[in-house]
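All remarks here apply to the structure that follows.
The values are calculated or read from the model by the stated rules, or taken from the named source; none is laboratory data. Just so you know, these numbers come straight off a predicted model, no measurement behind them. Here the Cβ positions follow ideal geometry from the backbone for every residue, glycine too, while neighbour counts run over all protein chains shown. Calculation scope for accessible area: heavy atoms of the full protein, side chains included, ligands and nucleic acids excluded. Shrake-Rupley method; radii C 1.70, N 1.55, O 1.52, S 1.80 Å.
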Amino acid sequence: MKNKNLVNDIKFWVDQNIIHCSIPNGFEEHSLEEDIEALFFNAISTLSNDRYMPIMIDIQAVNFLLSVKLFKLLSSNALINTAVLSKTFLVNSFVLKAYLSLYNFTNDPIVPNAIFNNDTAAMTYCDHKIMVFNALS
């Protein structure tokens, strides 16, 4: 693990060419009112060193409704889309995974969003995105 960055209680770091983001249990909805997209974009830009990398956003610690709001905000954000290879969301339940997957399917994002409730599957997905990107570059 390298390049740790803690911004507004949201922890960002890079490990194995993947930007990781962990949203803590204490994260509150009023924090969404702040310029969270700029916060994410700045953290991603700082950690990626101008390279396209996937980001894994762990929202397992927050409640269902806040998870949905975070997903809707981050999954389709144009500014964040310009800075990442793909976005992977790690959730805490199958119900939330199914709900977000349905929402994601109906919105057809430009940058791929993937939703997992398993760390290993999420890492495998990110590794695959890196491998495909590097093969095409």
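Results, tabulated for the structure shown:
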item: Count - residues of segment 1-60 that are buried (at least 16 other Cβ atoms within 10 Å of the Cβ), at pLDDT below 80 and either touching a Gly at 6+ places or on another chain (Cβ under 9 Å) or not in a helix (DSSP H, G or I) (or both); result: 1
item: Sole exception among (1) farther than 24 Å from GLU29 by Cβ; (2) open to solvent by 10 Å² or more (accessible area, probe 1.4 Å); (3) part of a strand (DSSP E or B) for MET123, by number; result: (3)
item: Tabulated pairs, segment 66-77, first farther than 12 Å from ILE23 by Cβ and part of a helix (DSSP H, G or I), second open to solvent by less than 10 Å² (accessible area, probe 1.4 Å) and aromatic (Phe, Trp, Tyr), C-beta under 9 angstrom, 6+ apart or interchain; result: SER75/PHE89
item: Unmet criterion (only one of (1) out of contact with any Pro (no Cβ under 6 Å at 6 or more places or on another chain); (2) surrounded by 19 or more Cβ atoms within 10 Å (Cβ to Cβ)) for MET131; result: (2)
item: Looking only at segment 89-101, and only at residues there that are buried (at least 17 other Cβ atoms within 10 Å of the Cβ) and touching a residue at least 24 places away in the same chain (Cβ under 8 Å), the one that is farthest from ILE19 (Cα to Cα); result: TYR99
item: Segment 61-88, residues that are more than 23 Å from VAL132 (Cβ to Cβ), β-branched (Val, Ile, Thr) and open to solvent by 10 Å² or more (accessible area, probe 1.4 Å); result: VAL68
item: Residue in segment 102-114 that is open to solvent by 60 Å² or more (accessible area, probe 1.4 Å) and closer than 22 Å to PHE12 by Cα present; result: no
